[in-house]
Amino acid sequence: MEPITIVGLGGSLATSSRSLAALRVALEGAAEGGTETLLFDVRDLDFPMFMPRASSVPKRVRDFCDAVDRANGMIWSSPLYHGTISGSFKNILDWLQLLSDRDPPYLTNKVVGLISTAGGTQGLQAINTMEFIVRALRGWAVPLVVPVGQAWKVFDDDGEAHDARTEEQLRALGLEVTHAARHFATPIDPLPEVEDVEAQLQPISAAEIAEA
Ligand SMILES: Cc1cc2nc3c(=O)[nH]c(=O)nc-3n(C[C@H](O)[C@H](O)[C@H](O)COP(=O)(O)O)c2cc1C
């Protein structure tokens, strides 16, 4: 069986990040399912703001995009900021534009598990936003999602979890991403007619925009 790799992306610029703590638990679940896991912490990544056709792209940005390109699946974990995902998290996703010229492009054939942490109870709003992004990047969001409400009660400042049910859900999400990634790792022929239609409907790569 081919080894499966899951890349986790999450956290905030806060020194103690609950969305990062939640991501760690989900990645543990993925590892228990037999995958290799890689964690990218938004704070450590410290990416510049995305700039289309930037003349120089930092090595750490290229390394991240290459790791995503090699992975079979991802787990995203964003805090809820003002009813949606945080700007720092979205900025990193914008850099995935560098995957526009890969074959296949963006997150084609990759599965993505979604987590949000919120101070209140509206975390699903960030999940919904992320689901739109997964689809725009041609990936596949797995059915299970984990919006962690009142995250300050669930994770302490050291990232320790104090809610067995949430921990269980996060581990289950990691397992589900692993399971789905295994299915997608089985080689299947692409459907050219579907790829053509996708490219017309979502012209987000530089080449496609130029041709439009
Ligand atoms: C700028 C900002 C905006 C926020 N907006 C919301 C919000 O709209 N709804 C909510 O429930 N919590 C909101 N929160 C609380 C965060 O979602 C919550 O503290 C989350 O766990 C932060 O994740 P982190 O620990 O990874 O930084 C906000 C926090 C900040 C700093």
Relative contact order, percent, the range 3-50 [alpha-carbon distance under 8 Å, six or more residues apart]: 50 percent
Tilt relative to the chain, helix 192-201 - C-alpha long axis, 0 to 90 degrees, to 10: 70 degrees
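Please state the charge dipole magnitude for the range 55-94, taken about the Cα centre, from unit charges on C-beta atoms (+1 on K and R, -1 on D and E), reported in debye and rounded to the nearest 20.
Dipole magnitude for the range 55-94 comes out near 80 debye.
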Selected from Ile188, Ile92, Ile75 as most flexible by GNM, with the chain as the system and alpha-carbon contacts under 10 Å: Ile188
Rel. contact order, % - alpha carbon contacts under 8 angstrom, at least six apart, the chain: 26 percent
Likely footprinting exposure, Lys153, Lys110, Lys90, Lys59, fewest C-beta neighbours within 10 Å first: Lys59, Lys153, Lys90, Lys110
Tilt relative to the chain, helix 59-70 - C-alpha long axis, 0 to 90 degrees, to 10: 80 degrees
Positive-pole candidate from Leu27, Thr37, Leu93, dipole of the chain, charges at beta carbon: Leu93
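Would you calculate the volume per residue, in Å³, of the smallest convex hull containing every Cα atom of the range 78-212?
With only Cα atoms used, the range 78-212 gives 125 Å³ per residue.
Sort Trp152, Trp76, Trp95, Trp140 so the one with the fewest other Cβ atoms within 10 Å of its own Cβ comes first. Walk me through the numbers on the way to the answer.
Details: Trp152 11, Trp76 27, Trp95 22, Trp140 17.
With the sparsest Cβ surroundings first, the list reads Trp152, Trp140, Trp95, Trp76.
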The chain: angle of helix 18-32 to the longest principal axis, Cα-based, in degrees nearest 10: 80 degrees
Among Asn91, Asn72, Asn109: highest mean-square fluctuation, GNM of the chain, C-alpha pairs under 10 Å: Asn91
Label point distance in nm, Ala54-Ala164, each placed 7 Å from Cα along Cα→Cβ: 4.6 nm
Computed magnitude of the charge dipole of the chain (debye, nearest 20; Cβ of K, R +1, Cβ of D, E -1): 420 debye
Stretch gain in nm, segment Trp152-Asp46, where the contour uses 0.36 nm per residue and the Cα spacing is subtracted: 35.7 nm
Cα→Cβ-extended label distance, 7 Å offset, between Ala172 and Ala14, nm: 2.5 nm
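Each reported figure results from applying straightforward, stated rules to the coordinates on display, with no laboratory input. Computed from a prediction, not measured in an experiment: that's the story for all the values here. Methodologically, a virtual Cβ is constructed for each residue, glycine included, from the backbone with ideal geometry; neighbour enumeration extends over all protein chains shown.
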